[in-house]
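Heads up, the thing below is written out as structure tokens.
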Amino acid sequence: MLHPIDKAIDGLSRAMMLAACLLVVALILLINVEVVSRYFFNTSTLVADEYGGYALVWICLLGFGQALRSGQFISVDAFSRRFSPLGQRLAAILGALVGLAASLLLTYATYRLVAMNHRFGTVSIQPSATPLWIPQAVLPFGFGLLCLVYLQLLAHAIVGLRRGEGGEP
């Protein structure tokens, strides 16, 4: 039952990781162009700091889903490892619920932020005067993807619990 959904979320997570990797390459290029232009031509791109910061945020948020799926997301399991297999499964369900709730709240809050900045035409204070809703658009998208992954983890934990499987999902 979950297999097609798993494949879709896996594909989306991998696509976001590819986008994050491409952003890392673009960031490296941007930084090198800035360094060369400053030291050899005594000038600046005037956007490297600003866009470098945006790129770092995008890289992190686009990678959240894959990090959670692969077990690389921050988690504290020192306490739950001492539980029985059933207790571990229940702790995983509770953790997925808390993560989902936080992700939903962040998705909603960042969507409102992006919508407000779009509505008011807010721009950055940097020379580029970038409309802030553009770099901020990744926020609700990244947190929304994180919601999907938490839902996936929650579904797998519940299915495992119903099957009588113990331990972490």
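Residues in region 20-56 that are surrounded by 15 or more Cβ atoms within 10 Å (Cβ to Cβ) and under 30 Å from residue 92 (Cβ atoms): 1 in all.
Could you grab me the full set of residues in region 50-67 that are more than 23 Å from residue 131 (Cα to Cα) and either assigned to a loop (DSSP other than H, G, I, E, B) or without any contact (Cβ under 8 Å) to a residue 12 or more places away in the chain (or both)?
67
Quick check: is even one residue across region 19-40 touching a helix residue (DSSP H, G or I) at 6+ places or on another chain (Cβ under 9 Å) and under 30 Å from residue 160 (Cα atoms)? Scanning region 19-40, I find no residue that is touching a helix residue (DSSP H, G or I) at 6+ places or on another chain (Cβ under 9 Å) and under 30 Å from residue 160 (Cα atoms), so the answer is no.
Against the criterion of being modelled with pLDDT under 95, in contact with a helix residue (DSSP H, G or I) (Cβ under 7 Å, 6 or more places away or on another chain), within 30 Å of residue 89 (Cβ to Cβ) and open to solvent by less than 30 Å² (accessible area, probe 1.4 Å), residue 146 qualifies. Listed by first and then second residue, the pairs linking a residue in region 35-49 that is closer than 22 Å to residue 132 by Cα to a residue that is of a type in the set (A, V, I, L, M) and not in a loop (DSSP other than H, G, I, E, B), with Cβ atoms under 6 Å apart and 6 or more places separating them unless they lie on different chains, are 48/30. Give me a count of the residues in region 91-128 that are of a type in the set (Phe, Trp, Tyr) and touching a Leu at 6+ places or on another chain (Cβ under 9 Å). Residues flagged as of a type in the set (Phe, Trp, Tyr) and touching a Leu at 6+ places or on another chain (Cβ under 9 Å) within region 91-128 amount to 1.
Find all pairs meeting these conditions: Cβ atoms under 6 angstrom apart; at least six residues apart or on different chains; first residue within region 138-156 and on the phi < 0 side of the Ramachandran plot; second residue among the charged types (D, E, K, R). So the pair list comes out as 149/69. In region 68-80 there is no residue that is under 20 Å from residue 140 (Cβ atoms), part of a helix (DSSP H, G or I) and over 14 Å from the mean Cα position of the chain (by Cα).
For region 1-19, the criterion of being at pLDDT below 90, assigned to a loop (DSSP other than H, G, I, E, B) and either open to solvent by 70 Å² or more (accessible area, probe 1.4 Å) or farther than 30 Å from residue 153 by Cβ (or both) is met by at least one residue. In region 81-100, of all residues being in a helix (DSSP H, G or I), open to solvent by 60 Å² or more (accessible area, probe 1.4 Å) and closer than 22 Å to residue 158 by Cβ, the one that is modelled with the lowest pLDDT corresponds to 81.
Can you pull out every residue in region 109-127 that is touching a residue at least 60 places away in the same chain (Cβ under 8 Å) and surrounded by 13 or more Cβ atoms within 10 Å (Cβ to Cβ)? The answer is 124, 126.
The values are calculated or read from the model by the stated rules, or taken from the named source; none is laboratory data. Not measured: the values here are computed from a predicted model. Counting neighbours? That spans all protein chains shown, and the Cβs are built from the backbone with ideal geometry, glycine included. Note: accessible area is taken over every heavy atom of the protein model, side chains too, but ligands, DNA and RNA are not part of it. Shrake-Rupley method; radii C 1.70, N 1.55, O 1.52, S 1.80 Å.
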